[in-house]
Amino acid sequence: MIFCVTNRFLCKADFLQQLRRIAGAKPDAIVLREKTLSEIAYLQMAEQVYSICQENQVLLICNSFLRVAEQLSVPVQIPFSCLSQINLLSVPFGVSVHSLKEAMQAEQAGAAFLIAGHIFATACKPDLPPRGLAFLQEICQAVSIPVLGIGGIHVQNAASILQTGAAGFCMMSDFMQTDAPEWMMQELRKLF
C-alpha cells in the first residue's frame, strides 16, 4: 500500500492541481492531513479532494476530523491520543502509533490499519530521533492488521520499509513536491 499524506504548505504548485496529478498516478490512498484548518474549512477542502479521489478511484482518508470522515463516509486516521473517541465511530479508522504498546492497544480497539513512525529522520520532526526499521519490524510482527511506515521515506529507501513486513508506507514531502508523480508511483510500485 502506498499512501500520499498531504501538506499544502510543501506544494510548489497549486495544491488541488498537485493532488489531481497525484490521484491520477493512483496511490492506494490520499490522507488529507491539513491540521491547521478549522473543521468547516477542512470539510470544504475534503469535499473537493473527495471529488478528485472519486474521479481517479483513489481512497480518501481524513485525518483527525471524525465528523468530516463520517459525513463523507470515508476512513479516518487518528492520533493514538484520540483512541478513546472512536467508540461510536461508523467508519473504518487507522491509528498513528509510536510504540509497540500503542500498536497493540489500537489493534484491540478495532483499528483497520496502523501508521507507525517516524522511521527515518524527517524535516517534519527535526527534534525527535527516528525510531528505525527494527521498531517497525517489531510492530509488524506483533499485530495482525496492516502496518504502514511513515517518516523520511523516499523512493530510495522505501524497499527497506517493505522488508520489515510492513504492508506499505506513507510519503508526504516527495508527493507534495514532485513534478513527476506518475514516474514516482511507477518506481514505488516496482518494489511490491
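The values are calculated or read from the model by the stated rules, or taken from the named source; none is laboratory data. Please read these numbers as outputs of a predicted model, since none were measured by experiment. Positions of Cβ are generated from backbone atoms using ideal geometry, with glycine treated the same way; all protein chains shown enter the neighbour counts. In case anyone asks, the SASA skips ligands and DNA or RNA and just uses the protein heavy atoms, side chains included. Shrake-Rupley method; radii C 1.70, N 1.55, O 1.52, S 1.80 Å.
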Original post:
List pairs: first in the stretch 22-43 and without any contact (Cβ under 8 Å) to a residue 24 or more places away in the chain, second in a loop (DSSP other than H, G, I, E, B) and of a type outside the set (D, E), Cβ under 9 Å, 6+ apart or cross-chain?
Top reply: L37/F65
**OP:** Please specify each residue of the stretch 123-136 satisfying the condition of being among the basic types (K, R) and surrounded by 18 or more Cβ atoms within 10 Å (Cβ to Cβ).
**Re:** R131
Subject >> Pair list, Cβ under 9 Å, 6 or more apart: the stretch 142-159 residue in contact (Cβ under 8 Å) with a residue 24 or more places away in the chain and under 23 Å from M104 (Cβ atoms), other residue open to solvent by 40 Å² or more (accessible area, probe 1.4 Å) and basic (K, R) >> reply: G151/K125; G151/R131
Subject >> Count of residues meeting criterion [open to solvent by less than 10 Å² (accessible area, probe 1.4 Å), more than 12 Å from the chain's Cα centre (by Cα) and under 15 Å from I22 (Cβ atoms)] in the stretch 156-183 >> reply: 2
Original post:
With the stretch 49-98 as the region, which strands (runs of 3 or more DSSP E) entirely inside it contain at least 2 residues that are of a type outside the set (F, W, Y) and either at positive phi or open to solvent by 10 Å² or more (accessible area, probe 1.4 Å) (or both)?
Top reply: 59-63
Subject >> Restricting the stretch 16-45 to residues that are closer than 26 Å to Q186 by Cα, assigned to a helix (DSSP H, G or I) and in contact with an Asp or Glu (Cβ under 9 Å, 6 or more places away or on another chain), the residue that is most open to solvent (accessible area, probe 1.4 Å) >> reply: R20
Original post:
From the list I153, I139, I119, which residue is part of a helix (DSSP H, G or I), among the hydrophobic types (A, V, I, L, M, F, W, C) and either modelled with pLDDT under 95 or surrounded by 16 or more Cβ atoms within 10 Å (Cβ to Cβ) (or both)?
Top reply: I139
**OP:** Could you please give the count of residues in the stretch 156-186 that are assigned to a loop (DSSP other than H, G, I, E, B) and within 15 Å of A29 (Cα to Cα)?
**Re:** 2
Subject >> Residue that is nearest to S51 (Cα to Cα) [pool: residues in the stretch 6-15 that are touching a Lys or Arg at 6+ places or on another chain (Cβ under 7 Å) and open to solvent by 20 Å² or more (accessible area, probe 1.4 Å)] >> reply: F15
